[in-house]
Every structure is written in C-alpha cells, then in structure tokens.
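Taken together, the values in this text are just the output of simple stated rules run on the coordinates, not laboratory data. What you see is a predicted model; the values in this text were computed from it and never measured. FYI the Cβ positions are ideal-geometry reconstructions off the backbone, even for glycines, and counts take in every protein chain you see.
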Amino acid sequence: MLWSTYDPPSDGAGGTPVGDTPAHHACNASLMGGAAGPTRVCVVEGNSVYREGLVAVITRASGLAVCGSSGDARHAVQCATAARPDVLLVGLGPGGDGADVLHALDHAQLDLPVVLIAELTSGLVVYAAIFGGPRGAKGYVSKGAEPASLCAVLESVGRGKVAICDEALTLLARDMRTRMESAEPLLSDREVAVLQLAADAHRNAAIAAHLGIEVATVKTHLHHAYRKLGVEGRMKATEVARARGIIR
C-alpha cells in the first residue's frame, strides 16, 4: 500500500495504519469535526524509514496527531483527500517533489497548508519555497532539526501562521544579506538568458539554437547558475531565480 490513513490511538501511544478499503478512506469521525483538538498531520515522505520516524515523532508529541501518510507526491492527494489533515508535512529528497505536491493540491482544489522538510543547502531555496509562487509552503524545517523544532513549526502552521525552523531562518537571513550586499549581479547575462529559456520549457538543443551556442555551453551555463543559486536541478533553479526577480 502506497498510502494510509490512521485511526486515533486508544492508548495514547500513537496512530496505527488502517486498511486500504473504502470504509477506511475517511478519518475517524472524531478527527473530522471542527472541535478543538490536536493538530492533525499527514506525512508525505519517499523514504519509508524516515517516514516512519516522522510518524513516531509526531505521534509522541502532545498537541499533534498523525492522520495519514504517503510515500510519494502522486499518492499525497489521495491521502490528503481521505484524511483531511490540518497540515501536510512533505519531505524533500535530493530531487525534491515539493512543487509536485503543491501543484497536485491546487489541481485537486485542496487548500491545505504545507510544511516542507529538507536538507538545508541554501537560504534562497527556503525563500523560494515560502515566497516563490502563488501557492508557497507555509513552513520549512531542516532535516537536521530537533524533534521539538519540527513539532513547533507544525503546531504554528496548524494555527494559521507561517513558520520556519531556526536553522533555516538563520541560513535564509545570511544568504539574503550576502546577496543584497554583493555589488556584482548574481548571474551573468548569458546565464540569465539560458535560465529564462529553460524556465520557458525549452530543451537544451533549442536553447543552443536560439542563442547561437553549443549544447555543451548551454549545460555549462546552467550548471554555473545552479551553483550560484545554491540548488540542484532546473526546476529548483527556476523557482529560486523567479523568487529573486532574476527571471520572469
């Protein structure tokens, strides 16, 4: 099973996975109402060991409860639709599928606050995650953060706030200050041109033909842009560059 909902535990020890039958595709009625209670979290994380670790941390925390989990972005909407959590916690691997989850939620018209949890590589990545689009995340947590920090962010987002863990906030402030104090443009004119065409969904060969350069040169400019932006991959580079106003 690629996703599951959770019944509320009877002994306070934590949620237990329930079956993949239609009867179980909705959370227990006691969790669905508007009465005051714990912040209900659905966990989306591709690594099963890490996902179960997140589930264990959240179920041990007072004020939080796990109502579902999913192993990938494709099934996150199914899980969120069944569980109707207060917060969706999305773990990002090296490739990252947080944007896929946000787009899928929009497509399904599910207005759920998302907290991203990822390795910290750049403050600009944090900035892009929160501010880099019409549907940004509401929270960001480092995968190296303490459990108490993770739970604090989840509870804050569950109360309608935007929350960032201390490690991510420190890195964000440092990188933003460095960029603002820099006298030189972050990217060269050619790197901006290549990244803009990449953001417009042009392949490397088409970019090369448009700019009159070799495909290998296009790849070099893209890799330089990735390094300067502190990201890996075309999707994340365009997100950060748009958030910074470098490309449209």
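So the values come out like this:
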| item | result |
| --- | --- |
| Reference-scaled alpha-carbon Rg (2.2 N^0.38 Å with N residues) for the range 184-243 | 1.00 |
| Estimated translational D of the range 135-248 in µm²/s (Stokes, Kirkwood radius over Cα pairs; 10 °C; 1.306 mPa s) | 99 |
| Proximal lysines relative to residue 161, as straight alpha-carbon distance under 25 Å, when same-chain residues fewer than 8 apart are discounted | 138, 143, 236 |
| Test item: Cα-centred dipole of the range 184-243, Lys/Arg +1 and Asp/Glu -1 on Cβ, debye | 160 |
